[in-house]
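To start, the structure under review is shown below, and the notes come after it.
What follows draws every value from the coordinates through simple rules; no lab data is involved. Note that the structure is predicted; figures quoted are calculated from it, not measured. Positions of Cβ are backbone-derived with ideal geometry, glycine not excepted, and every protein chain shown enters the neighbour counts.
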Amino acid sequence: MTASQLTPGAPPAPPAAVAAPQTVIRGRSRDGSSRLRALDGLRLLAALMVAGYHYAGRNGEISQAWGGSPAHQFPTLAPLFAYGCLGVQIFFVISGFVICLSGWAPPVAHHRPSADRATPGQRRLRAFLASRVSRLYPAYWAAILLITAVFALPWVAYKALPPSEVLTNLTMLQQPLGVDRVLGVCWTLWAEMRFYALFALCVVLPGATRGRVVLFCAGWTLAAALAQAAHEPFLDTALMPEYAPFFIGGIGLYLLHRYGARDPIAWAIVLVSWLIGQHYAVAGLWHAPSATAFSYRSTAVIIAVVTLGFALVAAVALGLLRVNWRWLTVAGALTYPFYLVHEHLGWVVVGALHRTLGLPAYVTLPLTVGLMLLLAWLMHRFLERPLTPALKRAINPRRPAV
């Protein structure tokens, strides 16, 4: 997928970026742990899949950085990296699981009745909003400004956007507003925001119950299918038929985690979501063999990767994948800032290491990933850790009960 396919107004393109961030994954798992660390590991795995895709699994600006097609640099690995874009679907499944987990929890803040006349539903919604905004925006703002500054350097061969468009990008609403994106990968954040809005209005505001969550999954599945049949742009935008089954599948997997493996309705949600999800993955990523294409993706492999993503999250949900490695917590924390910066800054780093310094491609690739992970750690340590709780308190200040 080329950069032109990432611009607003272009025809829909196959997923090409890692999906959006998650909250810190907390909650009581079936083995008594207070954190589902394995999901952090899956998130990092999905992020590395997509990084491989962006660095060596397609053409576009990365070809300029390498000085030629990545297929020439990595003749053996490039066909495998071409499947890395499916990390997006895995991320969306994880997102459905985690957002259902966090949205089900009651608000922890107590309020003075005389000072806060909000209803319980409004307080739940405000807490959910504070959690999402404080998690999404600090690293996102930093990535927007950092990449704009780097692209504005005279020796960097990539074009920075005009100031007005950069400022619009800070809202994270650039896509519906028809503004070019500073971050090509941020289309996944727009998908996540729409999921958050649907879940907040349909589940968080009225209060999460098993029946309400099941109804939400069933209703969204049917509505998304109708939107696909109607070919109405507004319905496609609001209901996201091509991404909905992955979010819904993640919610179904959380129901299995919460209520156990003997829940036939939860299994039905997961099964239907997998069946529909693999359809959209194949429809978006498969093409007939062509000598001009960068690579050929097999239908069987696409289905297998989607199935593996569902299966791994299911293994975590059912307590079959139990790990308690503390470094996975750090890995999960780095995933979001890594996702934000790895693509565009990766172009610059690859060009500097490979073309300027002359390092071999097989050295440049892991070194670039390592440098992007180091930058992600710096962003997490010095931006997210201080700013996320401060922003969360600003949106949803806690007032001690009388």
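Here is how the numbers come out for the structure above:
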quantity: Residues of region 317-331 satisfying the condition of being surrounded by 13 or more Cβ atoms within 10 Å (Cβ to Cβ) and not aliphatic (A, V, I, L, M); calculated: Gly319, Arg322, Thr329
quantity: Flag if Val156 is in contact (Cβ under 8 Å) with a residue 24 or more places away in the chain and either assigned to a helix (DSSP H, G or I) or under 22 Å from the mean Cα position of the chain (by Cα) (or both); calculated: no
quantity: Ser273 vs. criteria within 20 Å of Val98 (Cβ to Cβ) and without any contact (Cβ under 8 Å) to a residue 60 or more places away in the chain; calculated: yes
quantity: Where Leu359 falls short, out of the listed (1) surrounded by 15 or more Cβ atoms within 10 Å (Cβ to Cβ); (2) outside any helix (DSSP H, G or I); (3) in contact (Cβ under 8 Å) with a residue 60 or more places away in the chain; (4) on the phi < 0 side of the Ramachandran plot; calculated: (3)
quantity: Condition broken by Ala149, with the remaining ones in (1) within 21 Å of the chain's Cα centre (by Cα); (2) closer than 22 Å to Tyr339 by Cβ satisfied; calculated: (1)
quantity: Of all residues making up region 235-255, the number that are under 21 Å from Leu101 (Cβ atoms) and either of a type in the set (Lys, Arg) or in a helix (DSSP H, G or I) (or both); calculated: 12
quantity: Any hit, region 371-393, residues being buried (at least 21 other Cβ atoms within 10 Å of the Cβ), touching a His at 6+ places or on another chain (Cβ under 7 Å) and within 16 Å of Arg43 (Cβ to Cβ); calculated: yes
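To keep it simple, each residue is scored yes or no on (1) surrounded by fewer than 17 Cβ atoms within 10 Å (Cβ to Cβ); (2) assigned to a loop (DSSP other than H, G, I, E, B); (3) β-branched (Val, Ile, Thr).
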position: Ala288; (1), (2), (3): yes, yes, no
position: Thr307; (1), (2), (3): yes, no, yes
position: Phe310; (1), (2), (3): no, no, no
position: Ala315; (1), (2), (3): yes, no, no
position: His342; (1), (2), (3): no, no, no
position: Val348; (1), (2), (3): no, no, yes
position: Val363; (1), (2), (3): yes, no, yes
